[in-house]
Amino acid sequence: MISKQDFPAIYEQYSSSIYKFARRLLNDEYIAQDVVSDVFIRLMEKIEIGEGPRTNVRSYLYQTAYHCVVDEARRNRQLGPLELALDMKIDNETRPLELCGETQVLMELVSAAMESMSPRQRDALILQYLEHYTLDETGKHLRTNRNNAKSKRHLAINRVRQLLCNHVWEERQFK
């Protein structure tokens, strides 16, 4: 079990990655900072009452961050982490950098594919490829087993592949 003395090292090790995770999902640096604060306050509260994570601190922190992000999205009536996982808004309101036309089309296709996925498929894809979770960690985060997480990821990849293939086929038809 972790103790109060472990807290500074845990904060130092994970705060930056938790911030990036929240920032990607919320697309707002200030709210992401609030999420990081909430996550570590909750951790400290759990440690103080002896209910802190016993083994996988990283998983606990990411799960807590995810729940804080969901709470924040509900409060602000946001649709969810779709655009944030892509680190851009498709509607051209804000873009971290200007994208060439072809890249923008691909990002819009990926965005459309992600919108057509179930939230759990989208989460599996984000956790695996953006947060570098293992299948076991993804399953634990999704509160399911490894095989189910693998299936969700597989369905999500196939959806992206399907839309991209359709786009390429359509492009060839008009050339």
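Where a number appears in this text, it was derived from the coordinates with a stated rule and is not lab data. Bear in mind that the values here come from a model prediction, so they are computed numbers and not experimental data. Please note: Cβ atoms are built from the backbone with ideal geometry, for glycine as well, and neighbour counts cover all protein chains shown.
The alpha carbon centroids of segment 123-167 and segment 1-54 are separated by 25 Å.
What order do you get for 110-119, 18-27 when each peptide is scored by the mean count of other beta carbon atoms within 10 Å, highest first?
18-27, 110-119
Peptides 153-159, 51-57 ranked from most to least packed, by the mean per-residue count of other Cβ atoms within 10 Å: 153-159, 51-57.
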